[in-house]
Structure formats: C-alpha cells, structure tokens
1. Can you tell me which residue is surrounded by the most Cβ atoms within 10 Å (Cβ to Cβ) among those in the range 133-166 that are within 13 Å of the chain's Cα centre (by Cα) and assigned to a loop (DSSP other than H, G, I, E, B)?
2. Run down Leu153, Leu162 and say which single residue is assigned by TED's automatic domain parsing to the domain that holds Arg95 and in contact (Cβ under 8 Å) with a residue 24 or more places away in the chain.
3. Among the residues in the range 56-75, are any touching a helix residue (DSSP H, G or I) at 6+ places or on another chain (Cβ under 9 Å), assigned by TED's automatic domain parsing to the domain that holds Thr232, under 30 Å from Thr232 (Cα atoms) and in a strand (DSSP E or B)?
4. In the set Thr232, Thr223, which member is more than 18 Å from Ser24 (Cα to Cα), in contact with a Leu (Cβ under 9 Å, 6 or more places away or on another chain) and not hydrophobic (A, V, I, L, M, F, W, C)?
5. Out of (1) at pLDDT 95 or above; (2) away from ligand 2 (no atom under 16 Å from the Cβ), what's the single condition that is false for Gly14?
6. Could you go through the range 182-193 and let me know if any residue there is within 16 Å of ligand 2 (Cβ to nearest atom), among the small types (Gly, Ala, Ser) and outside any helix (DSSP H, G or I).
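The values are calculated or read from the model by the stated rules, or taken from the named source; none is laboratory data. Note that the coordinates shown come from a computational prediction; the quantities given were computed from them, not determined experimentally. Every residue, glycine as well, gets a Cβ built from its backbone with ideal geometry; the counts of neighbours run over all protein chains shown.
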Amino acid sequence: MALQITGLRKEFGGVVALAGVDVSIELDRIVGIIGPNGSGKTTLFNVVAGVHRPTSGRVLWQGKDITGKPAYQIARMGIVRTFQQAMSYRGLSVRENVRIASEHGRSYGGAARPKWDSPDEILAFVGLAGLGNEMAGSMPFGNLRRLGVAVALAANPLLLLLDEPAAGLSENEIAELMELILRFPRMGIGVCLIDHDMFLMSTLCERLVVLNFGTKIAEGPPTLVLNDPKVTEVYLGNEI
Ligand SMILES: Nc1ncnc2c1ncn2[C@@H]1O[C@H](COP(=O)(O)OP(=O)(O)OP(=O)(O)O)[C@@H](O)[C@H]1O
Ligand SMILES: [Mg+2]
C-alpha cells in the first residue's frame, strides 16, 4: 500500500476534526473521500500533505513515516494536493504559474521522475493549450481549476490529492475533468479525490471512504457504499 493512514486524529482547540481514521491508498487507482460538510475531508488532506500536524496517529508513505513532516518535504516525496479554492498567482501568466511550480518540484528532487518536458506540455495535457500567455487572474473559473491541476502536475506527483475539483464547474466542464482525472492512474499517478458530486465520485472511484464527524463510517465500492443505510442516513435531506 503506497499510503497508509492509521488512527489519524486532529483536534483544533475543542473541535475534533478527525477522530482516529484509517485509510490506505494504492498508486494505480482513484480513491474517493466523501462525507457531509465539516466531516473532516479537507483536514485529512491537510494532515497527509503536511499542512497540519496530527494530534495523534501515523501516516506512512511508501513504507516511510512522514507524520508531521513539513509540506515541502512531503511534496518532494511525491504527494501533491490541489486546493478547495482555485489558487494561483493571478498576476502572472498561466505558463509562469506552471513554470514556477515545476522549478520548485525539481529543485526539491522531482527530477527523479521527470514526466514533462515543458510547461506547455502540461498545459496541453490539462486542456489549456495555447493559453500560456493569458494572465491567470483573467481566466474563467473552469480554466483556473485546470491551471490548479497543471500546477500540481508540474511538481511531478506520485499521488494527487484533489479537493473538490468539480465544485462550481458546468456539466460540460465536469465531463472534461472526469476524462482528465481518469488518465492519471494510467500514468502511474494515484488519485485521492474529495467531491460532493456523487455521479462523478461513483463513476471515477474504485473505492469510497465515508467520513462523518471525523470518523470513517463506511468504505468500499461506490454501489455498495452509497446504498449503505449508515451512509444514506448521514446524507438525509442532502444531495445523495
Ligand atoms: N484550521 C482550522 N482551524 C479550526 N478548525 C478547523 C480548521 N480546519 C478545519 N476545522 C474544523 O474541522 C472540522 C472539519 O473541517 P473540514 O474542512 O476538514 O471539513 P470538510 O469535510 O472538508 O467539509 P466541506 O465539505 O465543507 O469542505 C470542521 O468543524 C471545521 O470547522
Ligand atoms: Mg473541505
């Protein structure tokens, strides 16, 4: 198992965001994390990616204990996240955004797994061919999302953590995003995906992990998990 999370707990003051979660992730597939708002999904990503130190528990990556390591070290080891909010240097060109990310990745050892020859190759891969000179801040939201994925890819990840990549996208954009995400496992890039779009999640993910109040309440193939009474109960009145 490439990523092994055991007993992960994270408290913010009196708030228990993660109450002891176990999750394992392989590199050649897409694993989904679902759960109601505030159930701890983003916190799980933040702890794995080194944004937050866990209160307790362990994160093993390719057999190494990376618990509590800083984000830049974890990124150079191949775990790269995108943000729930589309983030980029809005005053720089699209190409510059990707170039900066790739230099950062390389300078921290990403050269061990070179996948891309140029920023433009990555831009073409995510569907932004020909837009390298655009100012990032002037792009429509759907393209900013693609840029977020391009920036993550530029760091040569082995595991991509995608936090709500479909939020705010049109149906067409979601369909294109789904095609893009499906290409990652074939390239040897594992994907861990958070999203509230259950069609997207059940179509893309081989396995779903369900969080509720920081606790894993179900795990398995989407068809089984989404029909599990424990799961339908927490989504009562919601979109599932
Ligand atoms: N930096 C923080 N400081 C304090 N509390 C936080 C912090 N980050 C998250 N929390 C709290 O931890 C809990 C879990 O939040 P988290 O963002 O992980 O949920 P989520 O499942 O990603 O929700 P959503 O679907 O709305 O994105 C919430 O109660 C949230 O308010
Ligand atoms: Mg979140």
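1. If we take residues in the range 133-166 being within 13 Å of the chain's Cα centre (by Cα) and assigned to a loop (DSSP other than H, G, I, E, B), then Pro165 is surrounded by the most Cβ atoms within 10 Å (Cβ to Cβ).
2. Details: Leu162 fails: assigned by TED's automatic domain parsing to the domain that holds Arg95.
Of Leu153, Leu162, the one residue that is assigned by TED's automatic domain parsing to the domain that holds Arg95 and in contact (Cβ under 8 Å) with a residue 24 or more places away in the chain is Leu153.
3. yes
4. Values: Thr223 fails: in contact with a Leu (Cβ under 9 Å, 6 or more places away or on another chain).
Answer to the check: Thr232.
5. With (1) at pLDDT 95 or above; (2) away from ligand 2 (no atom under 16 Å from the Cβ) applied to Gly14, the lone miss is (1).
6. In the first step, residues of the range 182-193 are kept if they are within 16 Å of ligand 2 (Cβ to nearest atom); the result is 192-193.
Next, from what is left, pick out any that are among the small types (Gly, Ala, Ser): none.
Looking through the range 182-193, none of the residues is within 16 Å of ligand 2 (Cβ to nearest atom), among the small types (Gly, Ala, Ser) and outside any helix (DSSP H, G or I).
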